[in-house]
Every structure is written in structure tokens, then in C-alpha cells.
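These notes are about the structure you will find just below.
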Amino acid sequence: MIRWLCAGLVCCALALPGAAPAGDFDYALQARNVAPDAYAFIGRDEDFDTLNGGNIVNTGFIVGRDGIVVIDSGPSLRYGRQMREVIASVSALPVVLLINTHHHPDHFLGNQAFADRPIGALPGTVQAIASDGDAFAENLYRLCGDWMKGTEPLLPTTTLRAGRLDVAGRSLRLIALAGHTGADLAVYDETSGVLFAGDLVFNGRAPTTPHADIDVWFKALDELEALSDSPGFVALVPGHGAISRDASPIRQTRAWLSWLQASLREAAEAGLDMNEVLTRALPAAFVALPVAASEYRRSVGHLFPAAEKQALDHAH
Amino acid sequence: MSVPARLAMSLLVALGASGTLPASAFAAAADPLASARWEEMRRGVLGGTAAVFDAQVKVLAPANAENPTQVPVTVDATALADVAEVVVFADFNPIVEVLRFYPESAAALLGFRVKLQQSTPLRAAARGADGVWHVGGSWVNTVGGGCTAPSAAAASTAWQSRLNEVSGRQWQLGAERVRLRLRVVHPMDTGLVAGTPSFHLDDVELRGASGERLMRLRLFEPVAENPVFTIEYRAPGQTLVCTGGDNNGNRFSARIAP
């Protein structure tokens, strides 16, 4: 059960496009300068496939006085290596820490490219990578093909906890949250005012929910929104989608999750069967949102059984 | 009886009976789902008796099922008259037969979820007043592994205290149309996970206040863990009695208020 759940997490593109990717498996990563010494690599607003090689995720790095902190390592060994090459072209300083924001495969399967460096994550993330990592990797091989060549899960080497982390001559605020998964780490760079929100925040793409607890997620969003109101805040790098200079992606993520939760509860209360829930139309506000239809269908699978159980249990 | 044995017996019945059937009953209409296993299904699951492909028997399931342990299926044979029995099966599942239901006074309709091991045709055959199997179906693509994944219950012992716990609720959808949604706590172990024998709900039946039976079901291993059923009938305002049991002799009985 656990195993396939993990395998199924990221899978929506069951029918793979027939076209072959570029033979050189080049992700063409470009470091976007978000603020002084803070950079992000922005992935596509797509599902995993053999053309994008899993580059549907945002990663980033912060250049401190004494070294570089990397945030998430992408979906594959190739991605991690290419990312590290680009980082080296930006700064000659050494990478002193890689942080995995959470245990989803597009955020940690590039870890091998940083095997010579400390890799840190929340304890819950380390445990989840240990239990689910292999199944995640298998699933991405299936979805992304040869882009994954050589990729194996590599566990973080150190556990992180909430609070201030002085690293590379830089002061980072580690914010330990949950909701998208059981352990979601947001990283706020106090010097640049850039918030790396991980997958707690999606921008211009429907959120994914395979391990979501929506009520817990709302609390995390509230905390991140409060931070975005603080004086030093400059920019937000979501886990997926464009960089933002304000809290709009937080509100967008909350709006999707609020609708999703209410809609599934209402459907369960109305006595609908899962197939009827799957065929419901998206509200106008979300019709044009990239991958909204496929993420809605995936979320019904993840979240409707609990809504249904609640509606049935409360009947007596 | 084990499933292979059950299939083998059906096959014997089929072979024994084949000589007595009119040739036209086997008119080799092409399988709309183009499955390499269709002939075996016809001979085994359907006992080799007359079968026709019939779009009036609807099998609604997602074309791409992300979660192979909980693939939603809705079987609707209400367009046929006097359906006595419906068998649901998946050509490429290691355990082919999913369930059988006998609508009796309920509608020939059932919603539930199934475990699939790989992409497969998912079919329902309804035996109507004419004695012929009317076969509908659809293809489900899935990542697979649904039958060999441990049940969630295997991860803890919490389910033991809730085994066969029933929750249910009725909705009046129209003057003559009532829907029941029913959930039973059961691991529904397939026996295909090493060290975990087959352990599944076997029979479930639903009766109205006067004792009249609305529907009877025979369930096999592929029905998803903690089964949830959607059933419809024309008996509003009744407290229903749902009884059933599993292949280890655990019985349950529950009342579901209108």
C-alpha cells in the first residue's frame, strides 16, 4: 500500500509522449537572480514526462560570504549535476549545505550530485525519503525515462530544525511546517528577503496533494503570508511556478485548497460516488489553471475517501 | 474454493455445456476492448454460455487510474430488463473475478472500488431475462501493483478492533429513488502478499424493513480495502439491515436508518 501510494504520487501522465528528448539530456538550467545573492531555477508548469525530464520544479541557491546553500536538488542525478555546474559558474565558493524542503522526488533525487556535501532536512523528511525514496525513483524512471539514468535516492546526512541557521556567513530562518506533506521546510534568507517556500506554495499551477493534510496546510499558508507582510520581505520562490514579489501565490494556493476541500466534503455529503466526483466540472476560476484537470482528478483519489468516510461515519 | 479452482470449475462447466448451445450464441463478435484474454473470460467467468457485447451495460471507470488499490468503478445495467446477476471481472488481474451482485429488488447498479494489478479491461456481464450475458466494459490504464501491495491495515493492528464495522447513509434522490452508500472496515487481503493469506468479505446482503431482500453481493479479493458501495433502490423511508461476513467466518449485521 505505502509502496504504491508513493509510486503513484507523481503519476498522472500515464500515456507518455512518443517524441524522444534531446539526446544530450540537457535541462538548459538558467539561474534567475531573485535578489542580490539569491537565485532560483524555475521549472515548467507541466506534469513529469520524457520531454521535460522532470524539470517541473523550482530549486535555488543562496551565495553567502563563505559558501553556498542550495535549496532542493531536482528530479534526477543529471539535474543535480547540471545545477551544480551552473552554480559553479555563478560563484567559485563551495557548496556548504544542500537543504531538501520535503520528501517528494522532484526535490531530492538530485542529491547524489551533492554527495560530497552535507545534506540537511527535517527529521520527518529524512524518514520519508528512507521509506519511500526507492518507489519514488522507480516512478520517475517510468515517467521520465533516460533522463533518470544513474539516479538513486540519497538520504540527507543531517537533520535540521526550526529556527535560525547561521551558515556560510548568512543567517537563514528555517520554518518547519507541514500540510503539503508531513514535514515541509520553508527557508527565509533574512539578508535578501527571499522566501523559498517549497511545495507549500504553488504559483500558476494546481497544487499536488498525495500526502496533503489541508487543514494543516492552511496554517502553514497563514504563517507564510504573515512573513510576506514583514518589512524585509522581497520575493517568494514557490515550489512550482513563477517567482512572486508578493503573497498572491499563497492566496492562490489557499483558494484552490479551500475550494477542493469544500467541494469534496459537499460531494460526500450529497452521497456522490467517486466516479461522479471525478467527472465534475472545475469552477470557472480554475479552468485555465495549468494541470488543474489532472490534479483535481488525482486529488479526488487522494482526498475523497476521507471525506466520504466522514460523511458516512456521521450518519448515525 | 480458490479462485483458480473456481475458474477451472467454470471452465469445465463451459466445456460440458458448449455442445448444447446454439452456434449463434457464440457468434464471434469482435471484442470491443480487443483483449487477448476475452475468449478465456467468456469460457471461464461466463461459463461458456451465450454472451453478447452490449453498450447498455455501462462500466464507468477512469481511463487512467493513479491509485491501483482504489480504482473507482460504477456498473450500470439498469437499461436491461430483469437483471438477475451481474459479474464484474478484470481480464488481466491475477484474480480475475472482482464480485458478483444479484440486484433482486434493487436497481442493477453498483458503485465500488477495485484493486488492479496492471492495465486491463474491466468488464461487467449482466444476465438478463433472456438468460444471455450482456457484456460491457472499459479499459483502465494503471501503474499497477494493486493486488500485491500490502493493505493499509497490514501496517498496524488498529483495524482488528474495527473489523467489519459498517457505516452507511441513505439519500432520497427522488420519490422512487433512494441511494445507499455503505462502508465496511475490512483489509480485503488478496493472499498475493507474502505471508498474508487471502482474507476478504465474502457475502453481503441488504434487506428492507419487512425483510424483503434488496440486493445480495458475493465479493472476491480484488474488491478494494475498506469497501464502499453505492446501491440504489425504490424503497424510501426504511431502516435497512445489512448483514455479511468474510472468508474467516467473521459475521456482521448493521442497521442503517433512512
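The values are calculated or read from the model by the stated rules, or taken from the named source; none is laboratory data. Owing to the predicted nature of the structure, the values given are computational and were not obtained by experimental measurement. So basically every Cβ, Gly included, is an ideal-geometry build from the backbone, and we count neighbours across all protein chains shown.
The rows are residues; the columns are (1) touching a helix residue (DSSP H, G or I) at 6+ places or on another chain (Cβ under 9 Å); (2) touching a residue at least 60 places away in the same chain (Cβ under 8 Å); (3) over 27 Å from A:PRO36 (Cβ atoms).
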{"position": "A:LEU77", "(1), (2), (3)": "yes, yes, yes"}
{"position": "A:VAL86", "(1), (2), (3)": "no, no, no"}
{"position": "A:SER89", "(1), (2), (3)": "no, no, no"}
{"position": "A:VAL95", "(1), (2), (3)": "yes, no, no"}
{"position": "A:ARG117", "(1), (2), (3)": "no, no, no"}
{"position": "A:GLY145", "(1), (2), (3)": "no, yes, yes"}
{"position": "A:LEU155", "(1), (2), (3)": "yes, no, yes"}
Seminar exercise, completed: Across the range B:206-219, the tally of residues that are surrounded by fewer than 18 Cβ atoms within 10 Å (Cβ to Cβ), out of contact with any Asp or Glu (no Cβ under 7 Å at 6 or more places or on another chain) and modelled with pLDDT of 95 or more stands at 0
Problem set entry | Filtered residue count, the range B:140-175, keeping only those that are more than 11 Å from chain A (Cβ to nearest Cβ), crowded, with 18+ Cβ neighbours inside 10 Å and touching a residue at least 40 places away in the same chain (Cβ under 8 Å) | 0
For this session: Go through the residues of the range B:220-230 one by one and say whether even a single one is crowded, with 20+ Cβ neighbours inside 10 Å, within 11 Å of chain A (Cβ to nearest Cβ) and hydroxyl-bearing (Ser, Thr, Tyr).
Result: yes
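Condition first: basic (Lys, Arg) and in contact with a strand residue (DSSP E or B) (Cβ under 6 Å, 6 or more places away or on another chain). Now tell me which residues in the range A:191-221 satisfy that.
Filtering the range A:191-221 for residues basic (Lys, Arg) gives A:205, A:219.
Hit for the range A:191-221 is A:ARG205, nothing else.
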Seminar exercise, completed: With criteria (1) surrounded by fewer than 22 Cβ atoms within 10 Å (Cβ to Cβ); (2) within 19 Å of B:LYS115 (Cβ to Cβ); (3) at the interface with chain B (Cβ under 9 Å from one of its Cβ atoms), A:THR279 comes up short on (2)
Seminar exercise, completed: Among the residues of the range B:48-91, the number that are within 14 Å of chain A (Cβ to nearest Cβ) and not in a strand (DSSP E or B) is 8
Exercise. Would the range A:98-119 turn up any residue that is more than 16 Å from A:THR157 (Cα to Cα), at pLDDT 95 or above and in a helix (DSSP H, G or I)?
Worked result: yes
Exercise. In the range A:261-296, which residues are in a helix (DSSP H, G or I) and under 20 Å from B:VAL75 (Cα atoms)?
Worked result: A:ALA267, A:ALA268, A:MET274, A:ASN275, A:GLU276, A:VAL277, A:LEU278
For this session: Restrict the check to the range B:192-202 and report whether at least one residue is away from chain A (no Cβ under 14 Å) and surrounded by 21 or more Cβ atoms within 10 Å (Cβ to Cβ).
Result: yes
Problem set entry | Unmet requirement for B:ASP130, which otherwise passes all of (1) without any contact (Cβ under 8 Å) to a residue 40 or more places away in the chain; (2) closer than 23 Å to A:PRO305 by Cβ; (3) surrounded by fewer than 22 Cβ atoms within 10 Å (Cβ to Cβ) | (2)
For this session: Among the residues of the range A:264-274, write down those that are buried (at least 18 other Cβ atoms within 10 Å of the Cβ) and either over 24 Å from the mean Cα position of the chain (by Cα) or within 11 Å of chain B (Cβ to nearest Cβ) (or both).
Result: A:ALA267, A:ALA268, A:GLY271, A:LEU272, A:ASP273, A:MET274
